[in-house]
Amino acid sequence: MLDLQRTLPTLNCLGCPHFVEHYALVDHRERLTTQLHSLSHSLSEQNLTLLPDYQVKLDVLHALDCIDNHNIVRLKGQVACCINVGHELVLTELILNNVFARYAPPEIAALLSCFVFQDRHVEEPELLPSLQEVKETLVDTTRKVAQVQDDCGVFDVSVESAVEDSLCFGLMEVTYEWARGMNFKQITQLTEVQEGSIVRAIVRLDDTCRDIKNAARVVGDSHLYRKMEEVSQLVKRDIVFAASLYF
């Protein structure tokens with residue numbers, strides 16, 4: 001730095017009467033060069049490979065009315081943004097179609113378990129008629145969303161395969177009975193799923209309730225908020241939420 005300072009007085013450009021104007025031109029040229037490099041990188045093959053996937057996802061959001069023609073987020077999109085556990089598009093449809101209003105809190109707990117438990121190797125339990133209806137409603141909603149995604153070019157597989165891959169019904173009975181007050185030892189006898197996996201699924205289920213409560217605030221649905229609060233209170237108890245080795 002000192003050497004540079006010593007050489008400054010010897011530079012001929014300092015004697016130029018238009019030094020300030022010329023310096024501004026050079027500075028402007030350097031800024032343009034930097035922008036050019038940035039744009040060249042943005043248009044590179046590496047970056048453009050992500051563009052089709054981005055456009056497809058925008059098409060899905062348009063089709064589901066989550067964004068408008070100017071890509072501005074609409075109310076439905078704001079609801080989807082509240083969901084952090086995944087499956088936000090399906091859960092948004094369930095919320096805005098008032099599906100949760102049809103079911104009792106234990107049935108809602110069973111429905112939400114299909115999103116948070118992902119071990120598809122577990123044998124599905126034989127469900128009560130009321131839970132079978134819940135399952136059919138969930139599958140139907142998921143299929144409709146998956147069909148929109150397929151129409152927009154998201155999937156490389158069939159719609160039915162996409163639905164099967166996104167939902168898991170292995171803990172519907174367990175979470176239903178847990179929300180109805182059955183103790184932990186009893187629910188472990190209903191399934192072959194390991195205790196730790198059951199605990200983690202129920203904790204994630206409570207997280208999902210929290211997300212849906214936030215969505216209820218966005219749409220101003222106090223009934224949905226209270227119902228999710230009740231579901232949370234039913235599942236958030238006993239050994240499942242005690243400090244444990246599972247976390």
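Every test in (1) under 29 Å from Gly181 (Cβ atoms); (2) at pLDDT 90 or above; (3) surrounded by fewer than 18 Cβ atoms within 10 Å (Cβ to Cβ) is passed by Phe100 save one, and that test is (3). Does Ala216 satisfy being in a helix (DSSP H, G or I), within 18 Å of Lys76 (Cα to Cα) and among the aliphatic types (A, V, I, L, M)? Criteria met by Ala216. Only one entry of Ile202, Ile198, Ile212 meets the criterion of being farther than 26 Å from Asn97 by Cα and either β-branched (Val, Ile, Thr) or surrounded by 15 or more Cβ atoms within 10 Å (Cβ to Cβ) (or both), and that entry is Ile198.
Here Ser113 passes the criteria (1) more than 19 Å from the chain's Cα centre (by Cα); (2) within 26 Å of Asp221 (Cα to Cα) except the one numbered (1). The residue list Val134, Val231 contains one member that is modelled with pLDDT of 95 or more, touching a Pro at 6+ places or on another chain (Cβ under 7 Å) and surrounded by 14 or more Cβ atoms within 10 Å (Cβ to Cβ), which is Val231. The residues listed here are Leu75, Leu51, Leu94; of these, the one that is more than 30 Å from Thr175 (Cβ to Cβ) and either surrounded by 14 or more Cβ atoms within 10 Å (Cβ to Cβ) or not charged (D, E, K, R) (or both) is Leu51.
Listed here are the residues, each with its yes/no results for (1) among the hydrophobic types (A, V, I, L, M, F, W, C); (2) modelled with pLDDT of 90 or more; (3) touching a strand residue (DSSP E or B) at 6+ places or on another chain (Cβ under 7 Å); (4) under 16 Å from Val85 (Cα atoms).
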position	(1), (2), (3), (4)
Leu138	yes, yes, no, no
Phe155	yes, no, no, no
Ala162	yes, no, no, no
Lys185	no, yes, no, no
Val219	yes, yes, no, no
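Scan region 83-119 for residues that are small (Gly, Ala, Ser) and touching a His at 6+ places or on another chain (Cβ under 8 Å) and the total you get is 1. Answer yes or no: is there a residue in region 104-114 that is in contact (Cβ under 8 Å) with a residue 24 or more places away in the chain, under 22 Å from Val240 (Cα atoms) and polar (S, T, N, Q). Within region 104-114, one or more residues are in contact (Cβ under 8 Å) with a residue 24 or more places away in the chain, under 22 Å from Val240 (Cα atoms) and polar (S, T, N, Q).
In region 62-83, of all residues being touching a Lys or Arg at 6+ places or on another chain (Cβ under 9 Å) and free of Cβ contacts under 8 Å to residues at least 60 places away in the same chain, the one that is nearest to Lys213 (Cα to Cα) corresponds to Cys66.
The values are calculated or read from the model by the stated rules, or taken from the named source; none is laboratory data. None of these values were measured; they are calculated from a predicted model. When we count neighbours, we look across all protein chains shown, and the Cβ atoms used for this are built from the backbone with ideal geometry, even at glycine.
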